[in-house]
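Worksheet: one structure, shown below.
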Amino acid sequence: MKLKPMVRDNIALNAHEEGCKQSILNQIEELKNLPSIQSNELNVLIIGGSSGYGLASRIALTFKANAYTYNVSFERAARGRNTASAGYYNNEAFQEIATSQGYSSDDLNADAFSHETKQSVIEDFTTKNIKIDLLIYSVASGIRFDPDTQEKYVSALKPIGKEFKGQSVDIAKELIKDEIIQPANDEEIFNTTKVMGGEDYLLWVEALNKANLFNEGATTLTYTYVGSELTYPIYKDGTIGHAKRNLESTLPKIQSIMDQYNGHAKISSSKTVVTKASVFIPTVALYASALFKVMKERGTHESITEHKYRLFKDFIFNKDNTDSLIRLDAFELDKDTQVQVETLLDTYNNDLSKVDFEFFKEEFMRLSGFEVSGTNY
């Protein structure tokens, strides 16, 4: 029976196993003819490597840096008539593909926020007698249980200080909707920072340091997002942006730990990409659709995998680069690019074809293994 995508209220309710596998194969193919990132043995721990930036990083480092990767992610297995989550299928497919091509990797399906998960990872690395060259923290979650108190914190997608008026798009119906979002209260700001800020990232680095699991010269890396001024009110200046600034503020503390290993703590500001969360942020779907159109016309568009390949090739493993903050989003935030995007959004007159929403929707569907080129549905 053919499995059809189910999207309701911009939530993907199912995933296609073969489509997810083919998507990973396609991403590997994108990098096929690019130079190797580096040649030394490399052990990488990725916290949140089942999708998005984390998965793209894993693919680039495995197939272009010959890295051993260990991924921690919390994914849902299939149950009854319900499919597994896309991340679950991604992890299974990655293992199968990597093993078939001679690469070593491991996955731990567990809550990255818990002390127990951190201890399990430490025990695994200790048992294998492996130390970490690169730690990537790329967790994307809307909920966190405090590891000490078990109190539940839920993030909020809201502006701070004043209400926000913007447009969102219903993915399934391709309808534009005007939205007004009221500003967050102090509790919502606090909760969002507890979930998406730097607290857990620092706990990971401290735990790994206590276990003496970093190699000499090791690097820790996390991802942040600034975005365009067009999205500042709902993102950079909103609750999510507030949490991201908290994440960035942990960098000096983490660098002081990495100094013991003559290592580095780095943070990369990434480009706009399509995620399962981005469709819920008013303005972002339309902004991304216009941005992709402009960047493709200007020849600066990158897939998420090409984007992360460039990060590692040109910055992380480039000894000439000493920046702790890497502005990988420079192509997106180029002044002329932003002027063209703003002009397009001012004149598109609610015609989604003018901002290439079709490409945005295809990218969204591919996250769940649908509309993936090369898949026999």
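The values are calculated or read from the model by the stated rules, or taken from the named source; none is laboratory data. All values reported here derive from a predicted model rather than from experimental measurement. Because the Cβ atoms are built from the backbone with ideal geometry, glycine has one as well, and the counts that use them run over all protein chains shown. Each accessible area value is taken on the protein alone, full model and side chains, heavy atoms only, with ligands, DNA and RNA left out. Shrake-Rupley method; radii C 1.70, N 1.55, O 1.52, S 1.80 Å.
A few remarks follow.
- Test result for T343, open to solvent by less than 70 Å² (accessible area, probe 1.4 Å) and either out of contact with any Gly (no Cβ under 6 Å at 6 or more places or on another chain) or modelled with pLDDT under 95 (or both): no
- Pair list, Cβ under 6 Å, 6 or more apart: the range 169-191 residue farther than 27 Å from N246 by Cβ, other residue among the hydroxyl-bearing types (S, T, Y) and surrounded by 12 or more Cβ atoms within 10 Å (Cβ to Cβ): K177/S168
- Put simply, of K158, K165 the only residue that is closer than 22 Å to N246 by Cβ and either open to solvent by less than 50 Å² (accessible area, probe 1.4 Å) or not in a helix (DSSP H, G or I) (or both) is K158.
- There is at least one residue in the range 10-29 that is of a type in the set (K, R) and touching a residue at least 12 places away in the same chain (Cβ under 8 Å).
- Failed condition for G241, given (1) within 26 Å of I46 (Cα to Cα); (2) without any contact (Cβ under 8 Å) to a residue 40 or more places away in the chain; (3) open to solvent by 20 Å² or more (accessible area, probe 1.4 Å): (3)
- Taking every residue in the range 359-370 that is more than 22 Å from Y88 (Cβ to Cβ) and pairing it with any residue that is modelled with pLDDT of 95 or more and open to solvent by less than 50 Å² (accessible area, probe 1.4 Å), at least 6 positions away or on another chain, the pairs with Cβ-Cβ distances below 8 Å are F359/S289; F359/F292; F360/A288; F360/S289; F360/F292.
- Sole exception among (1) touching a helix residue (DSSP H, G or I) at 6+ places or on another chain (Cβ under 8 Å); (2) of a type outside the set (F, W, Y); (3) modelled with pLDDT of 95 or more; (4) assigned to a helix (DSSP H, G or I) for S256, by number: (1)
- Of all residues in the range 288-304, none satisfies the criterion of being among the hydroxyl-bearing types (S, T, Y), surrounded by fewer than 24 Cβ atoms within 10 Å (Cβ to Cβ) and assigned to a helix (DSSP H, G or I).
- Options L202, L208: the member that is open to solvent by 10 Å² or more (accessible area, probe 1.4 Å) and assigned to a helix (DSSP H, G or I): L202
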